[in-house]
Amino acid sequence: MHHIDEHTIELYILGSDLVKKQIAEIEAHLKECHDCRVLVEQMETFYQNAEDGLDKLSVLKERKTSALIQLPKDIMPYDVPLGTPVPYRTTTFVGKLAYFTRLHPVVTGVGSFATMAVLALMFFNSQQKVYRQKSILSDSRSGERQFSNLQ
């Protein structure tokens, strides 16, 4: 058995002029085919529920116009954007630094790490120089002591 496609059944339910020539054929098929009848019933129920929902909306619109107090304008839903935000940029050095950090967090992190590494190397290098100087001084003093002991 050849079934009628869903689009044709939908046009039949809506009473479209496109299927007026096929109405007798569609109705004959619906008498024989249980599956297509079920589909027609589901589509009719869907469209009936849609019409009922639209009727409820029109009742709400009428109720809104007959209210005692009316709002001056409709309330804007929360998910509708209000417009483009105004860009805010500070002019101080700290503000510019914070703005750059917000825009480029990876660059800022790598730069901070590199700065800390350089500072640590400088600190440890200077500590080694101080240690060497102390050891040289202590060696030279011990050498003087040894030299004085020899005399």
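The values are calculated or read from the model by the stated rules, or taken from the named source; none is laboratory data. Note that this is a predicted model, so its numbers are computed, not measured. All Cβ positions, glycine included, derive from the backbone under ideal geometry; neighbour counts span all protein chains shown.
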request  = Could you identify the single residue in VAL94, VAL86 that is of a type in the set (Val, Ile, Thr) and modelled with pLDDT of 70 or more?
outcome  = VAL94
remark   = Residue count, segment 6-30, condition exposed (fewer than 10 other Cβ atoms within 10 Å of the Cβ) and of a type in the set (D, E, K, R), comes to 2
remark   = Among THR108, THR115, the single one that is in contact with a helix residue (DSSP H, G or I) (Cβ under 7 Å, 6 or more places away or on another chain), modelled with pLDDT of 70 or more and not assigned by TED's automatic domain parsing to the domain that holds ILE13 is THR108
